[in-house]
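Engineer: Encoded as structure tokens, here's the structure I'll be asking about.
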Amino acid sequence: MRRLVLIGTGGLALAAAAALLLRPAGAEGVRLAPGDVAVVAQGAEVYAVECAACHGASLEGQPDWRSPGPDGLRPAPPHDASGHTWHHDDATLFALTKHGLAGLMEDAPPSGMPAYEGVLTDDEIVAVLSYIKSTWPDDVRARHDAINDRARP
């Protein structure tokens with residue numbers, strides 16, 4: 001069982017690394033605005049409509065999100081501080097939301113995460129991600145800021 005968890009975790013790490021390398025041009029300039037009250041309010045509204053059904057009304061994700069379900073797909077991860085969302089820089093989060101994992105890499109592992117291109121505007125995607133970041137404790141937000149600092153040229 002432990003071996004399967006390690007293999008699954010390694011697969012997620014590889015997918016995240018590939019997403020970093022393959023993110024589309026234009027995503028690099030994306031900056032979240034967790035301190036902007038209007039952006040965060042818009043993001044909360046969009047999240048409630050587009051994201052909460054899978055990721056939870058309180059950003060808690062689905063149970064056993066690290067293990068594939070019977071359909072072979074991983075359940076939706078939490079977006080609160082207990083999840084891995086904050087481990088990815090702004091541009092990667094934006095690209096994954098807009099294009100989905102399959103839109104970023106060939107032979108992407110199966111994912112239930114849809115691509116939101118054509119569903120949400122770029123501003124709505126930034127708003128949702130800003131809302132999510134606004135809920136993280138200060139120490140997690142600071143760690144996420146440091147990840148962004150390392151990712152930006």
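Engineer: Counting only residues that are of a type in the set (S, T, Y) and over 10 Å from the mean Cα position of the chain (by Cα), which one in the range 71-124 is modelled with the lowest pLDDT?
Structural biologist: Among those that are of a type in the set (S, T, Y) and over 10 Å from the mean Cα position of the chain (by Cα), it is S111.
Engineer: Condition (residue is among the charged types (D, E, K, R), in contact with a Leu (Cβ under 7 Å, 6 or more places away or on another chain), under 23 Å from R152 (Cβ atoms) and surrounded by 21 or more Cβ atoms within 10 Å (Cβ to Cβ)) applied to the range 97-112: is it met by at least one residue?
Structural biologist: no
Engineer: Taking the range 113-129, which residues are assigned to a helix (DSSP H, G or I) and either acidic (D, E) or surrounded by fewer than 17 Cβ atoms within 10 Å (Cβ to Cβ) (or both)?
Structural biologist: Those that are assigned to a helix (DSSP H, G or I) and either acidic (D, E) or surrounded by fewer than 17 Cβ atoms within 10 Å (Cβ to Cβ) (or both): D122, D123, E124.
Engineer: So, in the range 61-85, exactly how many residues are of a type in the set (S, T, Y) and either surrounded by 15 or more Cβ atoms within 10 Å (Cβ to Cβ) or under 11 Å from V140 (Cβ atoms) (or both)?
Structural biologist: Qualifying residue count, the range 61-85: 2.
Engineer: Looking for something in contact with a Lys or Arg (Cβ under 8 Å, 6 or more places away or on another chain) and of a type in the set (D, E, K, R) - is there at least one such residue anywhere in the range 49-62?
Structural biologist: For the range 49-62, residues in contact with a Lys or Arg (Cβ under 8 Å, 6 or more places away or on another chain) and of a type in the set (D, E, K, R): absent.
Here's the yes/no breakdown for (1) polar (S, T, N, Q); (2) in a loop (DSSP other than H, G, I, E, B); (3) touching a residue at least 24 places away in the same chain (Cβ under 8 Å):
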position: A48; (1), (2), (3): no, no, no
position: C54; (1), (2), (3): no, no, yes
position: S58; (1), (2), (3): yes, yes, no
position: Q62; (1), (2), (3): yes, yes, no
position: R66; (1), (2), (3): no, yes, yes
position: L73; (1), (2), (3): no, yes, yes
position: P78; (1), (2), (3): no, yes, no
position: L96; (1), (2), (3): no, no, yes
position: Y131; (1), (2), (3): no, no, yes
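Engineer: With respect to the numbered conditions (1) in contact with a His (Cβ under 6 Å, 6 or more places away or on another chain); (2) not in a loop (DSSP other than H, G, I, E, B), which one is the sole condition not fulfilled by V40?
Structural biologist: The number of the failed condition is (1).
Engineer: Which one of P68, P34 is of a type outside the set (S, T, Y), modelled with pLDDT under 95 and either within 23 Å of P153 (Cα to Cα) or in contact with a Gly (Cβ under 8 Å, 6 or more places away or on another chain) (or both)?
Structural biologist: P68
The values are calculated or read from the model by the stated rules, or taken from the named source; none is laboratory data. No experiment lies behind these values; they were computed from the predicted model shown. Glycine gets a Cβ as well: all are built from the backbone with ideal geometry, and neighbour counts include every protein chain shown.
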